[in-house]
Amino acid sequence: MSQLDLATEAEISQRHLSFVESGRAAPSRDMVLRLAENLSIPLRQQNELLMAAGFAPQFAERKLGDPALAPAMAAVRQVLKSHEPNPAFAVDGRWNLIEANAAIGPFLGLVQEPSLLTEPINVMRLCLHPRGLAPIVMNLREYRDHLLLRLKRQYEASADPKLVALEKELLGYPSGPRTSIPIHPDAAMIAHPLRLRVGDTNLTLISTLSVFGTALDITLSEIAIESFFPADPETAAFLRDSAG
């Protein structure tokens, strides 16, 4: 986005925005929030911008058990439950597991390293660790690079040092080439599949991500639900039978 485009979207003059950028003018609280919104800056970082400009934070960061978040957490559980027999889980902004539905259980039973199932359970670590779920991921190289690219985009937007440290850890796993550059998928594919081998059965899953689009709380804004869907009849039958 150019400076002119940003000024137009924020409904201020380009000259004034230039003065703010160079330090010749101080932004108002309202301007900081308008610029942050138009730049799609996460709520946590919007608070940091406000404090850097000399203003109080705008957005609260509640604990997951806070009564104010109860309706939202009930919605998360409802989405997860209604998605069964297909697996789904919810994570926070650092990929720590918040909730999961019953369809995730059989896969967790395949994890070889007990510490990976000790809270807080990090889903990135769980999926890519050589004693986690990595041994059953048939397309580990491609799926690993897909996850690392998602992680990179996330920490570039948030500047969260813990996400940077997580990426460094994941790149050190003996799970294929040590790169965060994604492999170009087959042009015939409609989405990055997750291919698993459970016993003698090959599974193919695709996933969707859901977030609270109108969140005004930092904790709520960082919750994401990943829901997996069977990509073929064999996978659908396996998930139905596992639930039964």
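The values are calculated or read from the model by the stated rules, or taken from the named source; none is laboratory data. Note that this is a predicted model, so its numbers are computed, not measured. Glycine gets a Cβ as well: all are built from the backbone with ideal geometry, and neighbour counts include every protein chain shown. Please note that ligands, DNA and RNA were not included when accessible areas were found on the heavy atoms of the full protein model with its side chains. Shrake-Rupley method; radii C 1.70, N 1.55, O 1.52, S 1.80 Å.
How about region 58-164: which helices (runs of 4 or more DSSP H) wholly inside it have at least 3 residues that are under 15 Å from the mean Cα position of the chain (by Cα) and in contact (Cβ under 8 Å) with a residue 12 or more places away in the chain?
Fully inside region 58-164 and qualifying: 123-128, 140-158.
Would you say residue 55 is at pLDDT below 95 and assigned to a loop (DSSP other than H, G, I, E, B)? Outline the logic, then answer.
On the way: at pLDDT below 95: yes; assigned to a loop (DSSP other than H, G, I, E, B): yes.
Answer is yes for this residue.
Name the residue, out of 178, 240, that is modelled with pLDDT of 90 or more and surrounded by fewer than 19 Cβ atoms within 10 Å (Cβ to Cβ).
Just one listed residue meets the conditions, 240.
Could you tell me whether region 10-26 includes any residue that is open to solvent by 80 Å² or more (accessible area, probe 1.4 Å), within 25 Å of residue 221 (Cβ to Cβ) and either at pLDDT 80 or above or of a type in the set (Ser, Thr, Tyr) (or both)?
no
Would you mention how many residues in region 227-244 are part of a helix (DSSP H, G or I) and out of contact with any Leu (no Cβ under 9 Å at 6 or more places or on another chain)?
Looking only at that region, the number is 7.
Kindly indicate whether any position in region 112-120 is open to solvent by 40 Å² or more (accessible area, probe 1.4 Å) and within 25 Å of residue 191 (Cβ to Cβ).
no
Looking only at region 27-41, which residues are under 14 Å from residue 59 (Cα atoms) and in a loop (DSSP other than H, G, I, E, B)?
41
Give 220, 209 a once-over and let me know the one that is open to solvent by 20 Å² or more (accessible area, probe 1.4 Å) and not in a strand (DSSP E or B).
Just one listed residue meets the conditions, 220.
Can you pull out the residues in region 189-216 that are without any contact (Cβ under 8 Å) to a residue 24 or more places away in the chain and either β-branched (Val, Ile, Thr) or closer than 29 Å to residue 47 by Cβ (or both)?
Once the filter is applied, which keeps residues that are without any contact (Cβ under 8 Å) to a residue 24 or more places away in the chain and either β-branched (Val, Ile, Thr) or closer than 29 Å to residue 47 by Cβ (or both), region 189-216 yields 190, 208, 209, 211, 213, 214.
Within the group 188, 215, which residue is of a type outside the set (Lys, Arg), exposed (fewer than 15 other Cβ atoms within 10 Å of the Cβ) and modelled with pLDDT under 95? Steps first, please.
Values: 215 fails: exposed (fewer than 15 other Cβ atoms within 10 Å of the Cβ).
Every option except 188 fails the conditions.
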